[in-house]
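See below for the structure under consideration.
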Amino acid sequence: MIPDTPLPLAALKAADATLAVTADKVVLPNGADMSGVTLGVTLNNGALTVDPLQAGVAGGQVGGAVSLTPVGNGAASVAVDLNGDNVSLGDLNRTFAGSDALQGGPTRLRVSLRGQGATPHQIAGSLGGSVLVHTVDAVMNNQAVNWAGGDVFSQLGDVINPF
């Protein structure tokens, strides 16, 4: 699923640039919208940094930074630090996956990942760090629970129950 093709790092050395983008509203190709978008993009000697990265999405706020830094021999170091507060899992799932499998669920998200490699596959294979997802009051559609094997407990009860 994750490509094992070399990263196009040479293209990042074509120019050095600093770009700041702000928008009240951004509409993505799938129709999803984000509000209060702020991006700071820096390209310096082949190193790409997006900081700040901020947007309102699915009723909450997401922010953080992402960087890709060449380390030699066609490899790069990748760092992802993201925070999300009050993001609705149900709205997020409906907007980006087109599914009503989840409803509600104000969520707090903390992601801190690091990886290194010459291909996306190598970077994914070397990822280390932490991911915290804390949600409350999320409701999962019964069909989604059955699909995911949520009926295991009742099936186990049928096997164990001698009556």
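The residue that is nearest to the chain's Cα centre (by Cα), counting only those in the stretch 7-25 that are at pLDDT below 95 and of a type outside the set (Gly, Ala, Ser), is LEU7.
Taken over the stretch 24-49, residues that are open to solvent by 30 Å² or more (accessible area, probe 1.4 Å) and either closer than 25 Å to ARG110 by Cβ or in contact with a Pro (Cβ under 9 Å, 6 or more places away or on another chain) (or both) amount to 13. Per this entry, ALA55 is not counted among residues that are at pLDDT 90 or above, out of contact with any strand residue (DSSP E or B) (no Cβ under 7 Å at 6 or more places or on another chain) and not in a loop (DSSP other than H, G, I, E, B).
The values are calculated or read from the model by the stated rules, or taken from the named source; none is laboratory data. Note that the coordinates shown come from a computational prediction; the quantities given were computed from them, not determined experimentally. Cβ: placed from backbone, ideal geometry, glycine included. Neighbour counts: every protein chain shown. Calculation scope for accessible area: heavy atoms of the full protein, side chains included, ligands and nucleic acids excluded. Shrake-Rupley method; radii C 1.70, N 1.55, O 1.52, S 1.80 Å.
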